[in-house]
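Asks: Below are the structure tokens for one structure; questions will follow.
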Amino acid sequence: MVELWRAYESAMSGLRPNALPERSPSKDPARSGNVEHSMTDSDFHFYEPRAGHGLPHSPFNAIIAPRPIGWISTRSPGGVLNLAPYSFFNAFNYVPPIIGFASNGAKDSLANAEATGEFCWNLVTGDLAEAMNTTSAEVPAGVDEFALAGLTPAQSRTVSTPHVAGARAVFECRTSDIVPLRSAAGAPTVTTVVFGEVVGVHIDRALLKDGIYQTAAAGPLLRGGGPAAYFTIGEENRLEMRRPPSGQ
Ligand SMILES: Cc1cc2nc3c(=O)[nH]c(=O)nc-3n(C[C@H](O)[C@H](O)[C@H](O)COP(=O)(O)O)c2cc1C
């Protein structure tokens, strides 16, 4: 398990510098027709991931950032509690609500969510940052990460898996799909995505203003790129923009 994650991280850091030749603008098919670019090739670092990014650290997850953190609690069939953060995490469906996280390698959260058919998502806020980080330690499956991080498990309502007592929002989930990821060529990867239907939602009432959930007030901790970057948000970062009317 640990080896798989290390192998994944090492692949992500692929240090083959500038393995690909720069493209000449005139030969680039993306520049034919009506496609125009205001910048030249020298303004962009281009790479094909299979050949390495040629940078000190992979920019991939720094570009897809900041990401919400899926702080996933599970219980093993033998009853050991498990808790770990997953930033390859998001929401995928409204009705029914479905969320998912990607296990880069065969990890305990994946094994438990598959075996028990349940997991909970716990909102990470600034006050829980250190505890969240502690629960990312690669420890044997028999270690209770709630205890490791000094966290209290709270009884869930619709699933038997407990959630984090201090989390200000929680989704109780039933595992709906387990999807091993393949490359475009159909080759297996180390990654498996776990999807779950949200069957119970807890929200700290202090985060509801006139019944509207206050995203910024919740203060979610978000993952940036690199080994240590995180971000938070505030009302000052808010931008209001409505969708165009239908038919356009
Ligand atoms: C903020 C953060 C985000 C992480 N995101 C992922 C992720 O998306 N996928 C993954 O496999 N590991 C991720 N990890 C590493 C796991 O948390 C770590 O491997 C953990 O030990 C897995 O625990 P488990 O075996 O109990 O599931 C992340 C770690 C941190 C600190």
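Asks: According to the square roots a ≥ b ≥ c of the eigenvalues of the Cα gyration tensor, what is the shape class of segment 68-236, taking rounded for a/c under 1.5, prolate for a/b larger than b/c otherwise, and oblate for the remainder? Provide the component values of the computation, followed by the final result.
Replies: Working: a/c = 1.35, a/b = 1.26, b/c = 1.07.
The shape class here is rounded.
Asks: Put +1 on the Cβ of each Lys and Arg and -1 on the Cβ of each Asp and Glu in segment 68-236; which of Thr134, Val159, Trp121 then has its Cα farthest toward the positive end of the dipole?
Replies: Val159
Asks: Taking neighbour Cβ counts within 10 Å as the exposure measure, how do Val198, Val80 sort from fewest upward?
Replies: Starting with the residue having the fewest Cβ neighbours, the order is Val80, Val198.
Asks: With a 10 Å Cβ neighbour count serving as the proxy for reagent exposure, in which order, fewest first, do Asp41, Asp144, Asp127 appear?
Replies: Listed from fewest to most nearby Cβ atoms, that is Asp127, Asp41, Asp144.
Asks: By its C-alpha gyration tensor, with a ≥ b ≥ c as the square roots of the eigenvalues, how is segment 34-107 shaped: rounded for a/c under 1.5, else prolate for a/b larger than b/c, else oblate?
Replies: prolate
Asks: Another question, if that's okay. Using a cut-off of 13 Å between beta-carbons, work out the net charge of the residues near Tyr213 (Lys and Arg +1, Asp and Glu -1, Tyr213 not included).
Replies: +1
Asks: By counting other Cβ atoms within 10 Å of each Cβ, how are Arg242, Arg223 ranked from fewest to most?
Replies: In order of increasing Cβ crowding within 10 Å: Arg242, Arg223.
Asks: What number comes out for the charge environment of Thr116, summing +1 per Lys or Arg and -1 per Asp or Glu over other residues with Cβ under 11 Å away?
Replies: Once all neighbours under 11 Å are counted, the net charge is 0.
Asks: Could you please report the charge total around Phe88, scoring K, R as +1 and D, E as -1 over all other residues with beta-carbon less than 11 angstrom from its beta-carbon?
Replies: So the environment of Phe88 carries a net charge of +2.
Asks: Can you compute 3J(HN,Hα) from phi for each residue in segment 150-157, using the Karplus curve 6.51 cos²θ - 1.76 cosθ + 1.60 with θ = phi - 60°, rounded to whole Hz and x for Gly and Pro?
Replies: For segment 150-157, the Karplus-derived couplings read x, 9, 9, x, 10, 5, 8, 9 Hz, x marking Gly and Pro.
Asks: Compute the Cα gyration tensor for segment 83-148, then decide on rounded, prolate or oblate, letting a ≥ b ≥ c be the square roots of its eigenvalues: rounded whenever a/c is under 1.5, prolate when a/b is larger than b/c in the other cases, and oblate in all that remain.
Replies: It comes out oblate by the Cα gyration axes.
Readers should treat all values here as calculations from the given coordinates under stated rules, not as data from a laboratory. It should be emphasised that the depicted structure is a prediction, and the values quoted were computed from it without experimental measurement. Methodologically, a virtual Cβ is constructed for each residue, glycine included, from the backbone with ideal geometry; neighbour enumeration extends over all protein chains shown.
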